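A quick write-up on the structure given underneath.
The values are calculated or read from the model by the stated rules, or taken from the named source; none is laboratory data. Every value quoted in this text rests on a predicted model; they were computed, and no experiment measured them. Heads up, the Cβs are rebuilt from the backbone with ideal geometry, glycines too, and the neighbour counts pull from every protein chain shown.
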Amino acid sequence: MTRSILFRFMTLDDIDGVVEVENTSFTVPWSKEAFYNELLHNQFAKYIVMTDGDRIIGYCGMWLIVDEAHITNIAVLPEYRGMKLGEALLMQAKILAMQHRAITMTLEVRVSNIVAQSLYKKLGFQAGGIRKNYYTDNQEDALVMWVNLNE
């Protein structure tokens with residue numbers, strides 16, 4: 001199957017597709033309303049969608065505040081995982097952050113999510129600390145990871 005993977009900024013029309021990715025990826029998914037609020041009311045929020053043809057197969061959200069980019073969420077549909085698409089999506093997010101003059105990028109990841117941590121380490125992220133009981137579904141800790149975008 002030929003893939004036509006593209007990246008672009010998220011629009012309000014993309015929310016249903018993004019929610020589909022969100023619901024298949026997280027135990028406590030964000031609501032449609034949360035995404036509407038991010039796009040309409042959060043001046044710091046930037047969202048990228050990854051498409052295969054007309055289908056949204058992944059997305060990444062971040063808050064760009066002064067010189068820091070904070071990844072709020074990043075996800076790829078399960079059937080598209082293992083194809084290096086998450087890596088490509090995160091690279092697009094890093095490029096966007098640098099275009100907005102961000103110097104550092106940070107994110108939180110479940111301490112049990114070794115697959116995601118491996119991806120982040122591959123792209124230069126390093127462990128920076130633990131947020132205790134960060135995840136509301138099971139009180140799991142989050143590993144805070146950082147990368148310097150100027151290196």
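Consider only pairs whose beta carbons are under 8 Å apart and that are at least six residues apart or on different chains; among these, list those whose first residue lies in the stretch 32-56 and is in contact (Cβ under 8 Å) with a residue 12 or more places away in the chain and farther than 11 Å from residue 18 by Cα and whose second residue is among the aromatic types (Phe, Trp, Tyr) and part of a helix (DSSP H, G or I).
52/80
Only one of these is hydrophobic (A, V, I, L, M, F, W, C) and modelled with pLDDT under 95: 90, 119, 149. Name it.
Working: 90 fails: modelled with pLDDT under 95; 149 fails: modelled with pLDDT under 95.
When all the criteria are applied, what remains is 119.
Sort through 105, 83 and tell me the only one that's of a type outside the set (Lys, Arg) and either under 19 Å from residue 15 (Cβ atoms) or in contact (Cβ under 8 Å) with a residue 24 or more places away in the chain (or both). Steps first, please.
Numbers: 83 fails: either under 19 Å from residue 15 (Cβ atoms) or in contact (Cβ under 8 Å) with a residue 24 or more places away in the chain (or both).
None of the other options fit; the residue is 105.
Exactly one condition in (1) surrounded by 13 or more Cβ atoms within 10 Å (Cβ to Cβ); (2) farther than 25 Å from residue 3 by Cβ; (3) of a type in the set (Lys, Arg) is not met by residue 132; state its number.
Going through (1) surrounded by 13 or more Cβ atoms within 10 Å (Cβ to Cβ); (2) farther than 25 Å from residue 3 by Cβ; (3) of a type in the set (Lys, Arg) one by one, residue 132 breaks only (1).
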